[in-house]
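The block underneath contains the structure these notes are about, expressed in structure tokens.
The values are calculated or read from the model by the stated rules, or taken from the named source; none is laboratory data. Computed from a prediction, not measured in an experiment: that's the story for all the values here. Positions of Cβ are generated from backbone atoms using ideal geometry, with glycine treated the same way; all protein chains shown enter the neighbour counts.
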Amino acid sequence: MFEPLQRAVDTLSSQLRVALPAQVESYDPGTQRASVKPLINRNYADGAVAEMPVIAGVPVVWPRGSGASLTMPLNRGDGVLLVFSDRSMDEWLGSGGAATPSDRRKHDLSDAIAVPGLYSFAAGGLAENNEDVLLTYSGSQVRLKPGGAVEIDSANTVTVNTTDVTINCDSATINAPDTTVNGNLQVNGSITWTGTAQGEGGGAAQFTGGVDNTGGDITSDGVSLENHTHPGDSGGTTGTPN
């Protein structure tokens with residue numbers, strides 16, 4: 001009596017799906033569904049081995065809530081963890097909210113959910129250390145340090161599109177051989193520079209409050225402010241300004 005019962009239990013448990021590693025065969029980001037192939041083969045009592053079939057239309061889980069979400073590329077060969085629902089999800093997937101299953105199936109292959117990110121040890125890890133929070137893709141990185149510092153390393157252009165930008169900090173340093181501002185620039189504070197200042201086009205430069213110049217001449221259209229002369233009243237030229 002015990003052995004037949006045990007065989008029945010073993011048969012039932014062997015057909016029960018809970019979780020399996022799998023790889024992506026294809027993915028549709030528009031519907032957030034993937035075709036996936038489980039990577040653990042079936043093995044039978046007679047020694048036969050069979051690969052698991054590809055499962056189509058599997059919903060993919062991304063962090064999401066209250067209008068916020070995080071997604072990433074998902075391509076053929078990427079690893080996922082398959083979790084199998086206790087009951088049929090067909091009605092719930094179609095409508096959301098509380099749903100009543102239309103059949104009695106449990107832990108069925110057709111009720112798989114894919115969670116990206118599961119890889120074998122042979123694939124290696126991505127973490128550089130056990131201290132930083134790291135987001136990386138195509139050679140670019142956003143790194144959050146334990147002390148609160150943030151580092152952004154981009155392998156290409158960084159573009160920020162928004163209506164307004166406000167940066168609040170004690171000091172800011174830009175290390176760049178060239179910087180371009182396309183638009184009006186207002187500085188509410190003093191300006192200090194160690195190189196030359198050049199400008200062209202547009203209207204005349206205007207200063208309010210006077211200009212103090214120390215340690216150098218001012219030249220306008222080739223005429224020196226410090227060394228220019230005027231024709232004298234009795235012929236000749238005047239001396240330079242005092």
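Some notes on this structure:
- When the range 148-193 is filtered for residues that are in contact with a Leu (Cβ under 9 Å, 6 or more places away or on another chain) and of a type outside the set (A, V, I, L, M), only GLU151 remains.
- Apart from one condition, ASN175 fits all of (1) under 30 Å from the mean Cα position of the chain (by Cα); (2) farther than 30 Å from VAL133 by Cβ; the exception is (2).
- Residues of the range 42-66 that are under 36 Å from the mean Cα position of the chain (by Cα) and of a type outside the set (Gly, Ala, Ser): MET52, PRO53, VAL54, ILE55, VAL58, PRO59, VAL60, VAL61, TRP62, PRO63, ARG64.
- Of all residues in the range 30-47 being exposed (fewer than 11 other Cβ atoms within 10 Å of the Cβ) and not small (Gly, Ala, Ser), the one that is farthest from THR71 (Cα to Cα): ASP46
- Search result, residues across the range 44-60 that are hydrophobic (A, V, I, L, M, F, W, C) and over 13 Å from VAL24 (Cα atoms): ALA45, ALA48, VAL49, ALA50, MET52
- Inclusion of ASP217 among residues that are more than 29 Å from PRO241 (Cβ to Cβ), touching a strand residue (DSSP E or B) at 6+ places or on another chain (Cβ under 9 Å) and surrounded by 10 or more Cβ atoms within 10 Å (Cβ to Cβ) is not warranted.
- Qualifying residues in the range 64-108 (those that are of a type in the set (Gly, Ala, Ser) and in contact with a helix residue (DSSP H, G or I) (Cβ under 9 Å, 6 or more places away or on another chain)) - the one farthest from LYS37 (Cα to Cα): ALA98
- Conditions (1) at pLDDT 95 or above; (2) surrounded by 15 or more Cβ atoms within 10 Å (Cβ to Cβ); (3) assigned to a loop (DSSP other than H, G, I, E, B): number failed by ASN75: (2)
- In the range 124-150, the residues that are free of Cβ contacts under 8 Å to residues at least 60 places away in the same chain, under 28 Å from GLY79 (Cα atoms) and not in a loop (DSSP other than H, G, I, E, B): VAL133, LEU134, LEU135, THR136, SER140, GLN141, VAL142, ARG143, LEU144
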